[in-house]
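Asks: Quick one: structure below, then a few questions.
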Amino acid sequence: MKPFWEEKSLAQMSDAEWESLCDGCARCCMIKLQDEDTEEVFYTSIVCNLLDQEACRCTAYPRRHELVPNCVVLTHREVDEFHWLPTTCAYRTLAEGRPLAWWHPLVSGSPDTVHDAEISVQGKVIAQSEVDEDQEQEMIIRWVEM
């Protein structure tokens, strides 16, 4: 029997299945800047203040949209907009018809492989509260593949 992510489309997944696709990389918690002219998205090494940088998990996940109004919401209805997600993101990967990577916890069986493979933001980022807004452009990084 094939795993659910190989049998179902993103739209067919239950809420629990959808949530389990998150690999725990926390790249979606990185502050992104968008060029107003080209609409190109740039990732920074700045992350939301709610992120536990060691565990790469939100410390207030159920209330995140209440606490951070512009927090990203990913649903199967926005699949066409997933181009801004890193190529490593399981949601984008599956939307593009590619298989999950070996380090994805659903494949490896361990939540640590995303860190072992250096896909997560663990040890690479700084909290937004520690950066002046005028420094954000200086914090653009190139290690996230788009």
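The values are calculated or read from the model by the stated rules, or taken from the named source; none is laboratory data. Only a predicted model underlies this, so the values are computations on that prediction, with no experimental measurement involved. Reconstructed Cβ throughout: ideal geometry from the backbone, glycine too, with neighbour counts over all protein chains shown.
Asks: Quickly run through region 4-53 and pick out the residues that are touching a helix residue (DSSP H, G or I) at 6+ places or on another chain (Cβ under 6 Å), loosely packed, with under 15 Cβ neighbours inside 10 Å and at pLDDT 95 or above.
Replies: Selection gives Asn49 alone.
Asks: Also, quick follow-up: How many of the residues in region 113-139 are under 22 Å from Leu85 (Cα atoms), of a type in the set (Asp, Glu) and loosely packed, with under 14 Cβ neighbours inside 10 Å?
Replies: Here is the first cut: in region 113-139, the residues under 22 Å from Leu85 (Cα atoms) are 113-128, 136-139.
Next, only the ones that are of a type in the set (Asp, Glu) stay: 116, 118, 136, 138.
After this cut, where a residue has to be loosely packed, with under 14 Cβ neighbours inside 10 Å as well, the list is 116, 118, 138.
Matching residues across region 113-139 total 3.
Asks: Can you tell me which residue among Trp84, Trp103 is touching a residue at least 24 places away in the same chain (Cβ under 8 Å), closer than 28 Å to Glu7 by Cβ, hydrophobic (A, V, I, L, M, F, W, C) and crowded, with 18+ Cβ neighbours inside 10 Å?
Replies: Values: Trp84 fails: crowded, with 18+ Cβ neighbours inside 10 Å.
Exactly one of Trp84, Trp103 is touching a residue at least 24 places away in the same chain (Cβ under 8 Å), closer than 28 Å to Glu7 by Cβ, hydrophobic (A, V, I, L, M, F, W, C) and crowded, with 18+ Cβ neighbours inside 10 Å, namely Trp103.
Asks: Another question about this same structure. Determine whether Val68 is at pLDDT below 95, more than 28 Å from Gly123 (Cα to Cα) and surrounded by 15 or more Cβ atoms within 10 Å (Cβ to Cβ). Write out each step before concluding.
Replies: Details: at pLDDT below 95: yes; more than 28 Å from Gly123 (Cα to Cα): no; surrounded by 15 or more Cβ atoms within 10 Å (Cβ to Cβ): yes.
Judged against the criteria, Val68 is not a match.
Asks: So, Thr75, is that one of a type in the set (Ser, Thr, Tyr), within 18 Å of Ser9 (Cα to Cα), within 15 Å of the chain's Cα centre (by Cα) and surrounded by fewer than 16 Cβ atoms within 10 Å (Cβ to Cβ) or not? Step through it out loud before you land on a result.
Replies: Values: of a type in the set (Ser, Thr, Tyr): yes; within 18 Å of Ser9 (Cα to Cα): yes; within 15 Å of the chain's Cα centre (by Cα): yes; surrounded by fewer than 16 Cβ atoms within 10 Å (Cβ to Cβ): yes.
Yes; evaluated as a whole, the condition is true for this residue.
Asks: Which residues, counting only those in region 7-35, are free of Cβ contacts under 8 Å to residues at least 40 places away in the same chain and more than 22 Å from Trp143 (Cα to Cα)?
Replies: Filtering region 7-35 down to residues free of Cβ contacts under 8 Å to residues at least 40 places away in the same chain leaves 7-8, 12, 14-17, 19, 34-35.
Answer for region 7-35, where residues must be free of Cβ contacts under 8 Å to residues at least 40 places away in the same chain and more than 22 Å from Trp143 (Cα to Cα): Glu7, Lys8, Gln12, Ser14, Asp15, Ala16, Glu17, Glu19.
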